[in-house]
């Protein structure tokens with residue numbers, strides 16, 4: 001009851017309780033003295049005690065308790081933007097109302113602190129990852145150049161070999177920088193999508209043809225399974241979606257088994273196309289799935305770097321799908337294969 005009562009009413013309630021106690025005290029005192037007090041004395045005593053207690057309690061609450069609550073409340077309304085400033089005076093609020101606002105504030109700040117800790121951890125991991133990714137090709141290029149300076153340039157066979165390897169690592173650096181720039185544009189929404197209508201069947205066939213040689217060299221077979229009879233018209237940025245298919249297929253080929261397969265399925269669901277890419281490659285352990293779309297995250301770092309690439313392919317895929325307000329999901333069983341699923345709007 002008290003917790004729901006405005007603070008300004010608490011002095012009145014407590015004063016009335018004291019008045020009741022005083023009345024009982026006077027009657028009991030008169031009873032023991034065998035000399036009952038007159039009604040005028042009792043009335044004057046009770047009225048004066050009521051006024052004194054009310055003034056003292058009201059002064060305490062208004063000038064002490066309210067001052068402290070005001071400091072807390074002002075801090076809450078200033079720092080917590082999710083709480084609308086109230087037009088009520090502080091004494092018009094109940095303890096329950098103040099408790100609710102303090103709880104909202106603490107919950108909001110706890111979420112913000114958790115988010116900041118997560119961002120700090122991610123920042124540290126990102127700085128460490130990008131330093132490692134850039135360090136390897138830079139050191140390799142430096143090594144080849146120093147070898148040429150120290151005399152290798154005079155040996156035509158060594159010179160050509162080292163220059164080719166240096167050029168290959170320079171290309172890797174360029175790929176990393178270009179992919180980082182692309183992700184930055186996607187995150188800051190600087191990359192304006194050109195949304196057009198196009199046939200998914202044709203796009204998938206084009207990507208399949210582009211990767212045909214790579215798939216044959218890895219002895220991996222790509223099949224396209226369209227369960228929808230006719231054209232599959234999608235509404236999206238065609239070139240961005242081309243990159244999504246390319247990145248996913250390149251990954252599946254690189255980590256596929258000799259004689260393995262990749263199946264691309266296009267399915268019709270209400271208002272959207274659902275695309276599944278299923279392979280029977282090496283698969284991914286469950287603990288890695290949550291980080292699979294993180295920048296530079298590699299399930300098997302040593303093998304991944306030997307395969308080449310910037311380590312940003314899946315992160316780019318996630319950003320592109322998110323920029324289309326669509327979903328992407330991954331399921332995998334280690335040693336058996338992986339399944340990527342994403343959606344696109346129908347055209």
## Note on the structure
residue 197 fails exactly one of (1) assigned to a helix (DSSP H, G or I); (2) more than 27 Å from residue 279 (Cα to Cα); (3) modelled with pLDDT of 85 or more, namely (1)
### Task
Would you please name the residue that is surrounded by the fewest Cβ atoms within 10 Å (Cβ to Cβ), looking only at residues in region 179-194 that are in contact (Cβ under 8 Å) with a residue 40 or more places away in the chain and assigned to a helix (DSSP H, G or I)?
187
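With the requirement that a residue be on the phi < 0 side of the Ramachandran plot and surrounded by fewer than 15 Cβ atoms within 10 Å (Cβ to Cβ), what does region 212-223 give you? Quick ask: steps written out before the conclusion?
Within region 212-223, the first condition is being on the phi < 0 side of the Ramachandran plot, and the residues that meet it are 212-218, 220-223.
Within region 212-223, 212, 213, 214, 216, 217, 221, 223 meet the criteria.
Being modelled with pLDDT under 90, more than 23 Å from residue 133 (Cβ to Cβ), in contact with a helix residue (DSSP H, G or I) (Cβ under 9 Å, 6 or more places away or on another chain) and surrounded by 20 or more Cβ atoms within 10 Å (Cβ to Cβ) is true for just one of 311, 256. Which residue is that? Show your work before the answer.
Numbers: 311 fails: more than 23 Å from residue 133 (Cβ to Cβ).
The conditions single out 256.
What residue, of 229, 325, is within 29 Å of residue 346 (Cα to Cα), within 24 Å of the chain's Cα centre (by Cα) and either part of a loop (DSSP other than H, G, I, E, B) or at pLDDT below 95 (or both)?
None of the other options fit; the residue is 325.
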### Query
Among the residues of region 233-250, is any in contact (Cβ under 8 Å) with a residue 24 or more places away in the chain, in a loop (DSSP other than H, G, I, E, B) and in the same structural domain as residue 283 (by TED's automatic domain parsing)?
no
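The values are calculated or read from the model by the stated rules, or taken from the named source; none is laboratory data. Note that this is a predicted model, so its numbers are computed, not measured. Positions of Cβ are backbone-derived with ideal geometry, glycine not excepted, and every protein chain shown enters the neighbour counts.
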